[in-house]
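A short write-up of the structure that comes next.
The values are calculated or read from the model by the stated rules, or taken from the named source; none is laboratory data. None of the values given here were measured: they were computed from a predicted structure. Heads up, the Cβs are rebuilt from the backbone with ideal geometry, glycines too, and the neighbour counts pull from every protein chain shown. Ligands, DNA and RNA are stripped out before the accessible areas are found, and what is left, the full protein with its side chains, is counted by its heavy atoms. Shrake-Rupley method; radii C 1.70, N 1.55, O 1.52, S 1.80 Å.
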Amino acid sequence: MDARLLRNVPSAARCALTLGRGQQSRKRQSRKRRVAETGADEEVNSRCFDGAALPACAHPSKDDVIDEVTTTDTHRAIDAVWRIESAKLIAGLTRIVRDVGAAEDLAQEALVVALEQWPESGVPDNPGAWLMATAKHRAIDLLRRRTLLERKHEDLGREVAVREMEVPDLDAALDATLDAGAGTRVATQPDTDDDLLRLVFIACHPVLSTEARVALTLRLLGGLTTDEIARAFLVSEPTIAQRIVRAKRTLAEKRVPFETPRGPELAARLASVLAVIYLVFNEGYSATVGDHWMRPALCEDALRLGRILAQLMPKEPEIHGLVALMEIQASRSRARVGASGEPVLLFDQNRALWDQLLIRRGLAALDLAEELGGARGLYALQAAIAACHARARTPEETDWARIVELYAELARIAPSPVVELNRAVALGMAFGPAAGLEIVDALNSERALKDYHLLPSVRGDLLRKLGRFVEAGEEFKRAASLTRNARERELLLERAASCARGDPPGR
């Protein structure tokens, strides 16, 4: 079994699967008969080993080879299905059992059954519907057990009937097929959209800490395992597991309703959701810790969640603003990292490597945000700044005056020292380094930026452009001491060394 998939499976089920491997001998006997009839064994051997000669003791049996090929392919398919369907599955089950923790357990139980059955029976034509049907039966069993604890036995039939009436045909709701042929395509129904949207809001609920929201969102909506989340954020696996367990317990204890917020509450709750998605994207785009400058997988997860949310809430301009920002920023990913993994700053990037498809998608999302009246939204303004860079064929063509205006507008609606620092960079590019340095020097007293490595980094860059190399070098060294990213530290120390050599500044 694929170890990544096994991490998703509850421990009791792992034991059952491990013990069940003895049953494979009977399967191999049936495959032997099929191999003898079809002569498929030679083809499998040649395909797997490419004709290479193996010692006699190393030759696997023919049925073992067929087992390995079939099971591996099936597990890859199950992995892909789980990533695609798990969020919808958990969302639909949460509507039934009203407990996100129990819903995830039921979904994983269905996954266990798939891992047991699909390698032998094959992947169903509609795997999402199969998983939902399997999990739904277990959900109904769970409701029956709950009812037995809460009510008299004679009330059981009526209670289950009421529950069943509340829950529509989830198989059809989640996985209605448009085409029964080989190219079957699954259509998302309104009930599914509503369930998925509710799951988004419950995973990012304000009763949870920011760290818990991120972990739960990636687990429930991103389909990531605990280990994958831990590795992405360079946190221990037990720490992430505890965050997820505590988050689900908190949601249950606080009786957080499985619903989409309405009215005035919607804006505040939506802001929380967007903040979580953007936090995930930023950690992928500029890793705060570790040995890698970027973690592209996190950018992809955040983008996927943003696109899903844009489909679920198409009239919300801030969602489209966030998607626009992430699309345009992600377009630079290939150009931001050198051949050896070193960071490549904006002005040194090969713009031919920028992904034009992502840029077009980002600009289209920005246009949509503006059409919906969100041109001055938090994310739309940042997307407009990113668009100024995306539209410039060379660094010299960048409209820095426009970027200064956009940062000034951003500072009005969301004032913060970080926004001011970015405005200082834009001022330095548009009107000379002295103009930018004046803003940066004023920010030195900001307590919020006391340990923020980009403050001395920006100051060092401006001082270098003014020819004050000794001061600039000290600032770069200070910035290097504050960052927790190894690649960024190397870059800053190299810039400090460049100042010591008196190298002329770049752009």
| Summing Lys, Arg as +1 and Asp, Glu as -1, what charge do residues with Cβ under 14 Å from the Cβ of residue 320 carry, residue 320 excluded? | -2
| request: Output ³J(HN,Hα) for region 82-93: one whole-Hz value per residue in order, computed from phi by the Karplus curve 6.51 cos²θ - 1.76 cosθ + 1.60 with θ = phi - 60°, and x for Gly and Pro. | output: 4, 4, 7, 9, 4, 5, 5, 5, 5, 4, x, 6
| Amide H contacts of residue 337 (H built 1.01 Å from N, under 5 Å, at least 5 apart or other chain) | 344
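Shape verdict for region 208-269, please, from the Cα gyration tensor: rounded (a/c under 1.5), prolate (a/b greater than b/c) or oblate.
The shape class here is prolate.
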| request: Could you tell me whether region 272-323 comes out rounded, prolate or oblate from its Cα gyration tensor? Rule is a ≥ b ≥ c as square roots of the eigenvalues, rounded for a/c under 1.5, then prolate if a/b exceeds b/c, otherwise oblate. | output: prolate
| said: Explain nothing, just the number: dipole magnitude of region 232-287 about its Cα centre with +1 on each Lys and Arg Cβ and -1 on each Asp and Glu Cβ, in debye rounded to the nearest 20. | reply: 260
| remark: Dipole check, region 406-507, charges on Cβ (K,R +1; D,E -1), about Cα centroid: among 419, 485, 499 the Cα furthest to the positive pole belongs to 485
| To the nearest 20 debye, what charge dipole does region 379-462 have about its Cα centre, counting +1 at the Cβ of each Lys and Arg and -1 at the Cβ of each Asp and Glu? | 160
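Give a quick list of trypsin sites (Lys or Arg not before Pro) in region 385-480 that DSSP marks as loop, anything other than H, G, I, E or B, with at most 13 other Cβ atoms within 10 Å.
Those satisfying the criteria are 393, 450.
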| request: Kindly identify region 303-449 as rounded, prolate or oblate by the Cα gyration tensor criterion: order the square roots of the eigenvalues as a ≥ b ≥ c, call it rounded if a/c is under 1.5, otherwise compare a/b with b/c, prolate if a/b is larger, else oblate. | output: oblate
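Averaged per residue, what accessible surface does region 307-373 expose to a 1.4 Å probe, in Å²?
Here the per-residue accessible area is 46 Å².
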| task | State the percentage of accessible surface on region 317-450 attributable to carbon and sulfur atoms; use a 1.4 Å probe and exclude ligands, DNA and RNA. | result | 53
| query | Dipole magnitude of region 285-406 about its Cα centre, charges +1 at Lys/Arg Cβ and -1 at Asp/Glu Cβ only, in debye to the nearest 20? | reply | 220
| remark: The answer for the net charge of residues other than residue 399 whose Cβ lies under 14 angstrom from its Cβ, with Lys and Arg +1 and Asp and Glu -1, is 0
| remark: With a 1.4 angstrom probe the carbon and sulfur portion of accessible area for region 207-279, in percent, totals 53
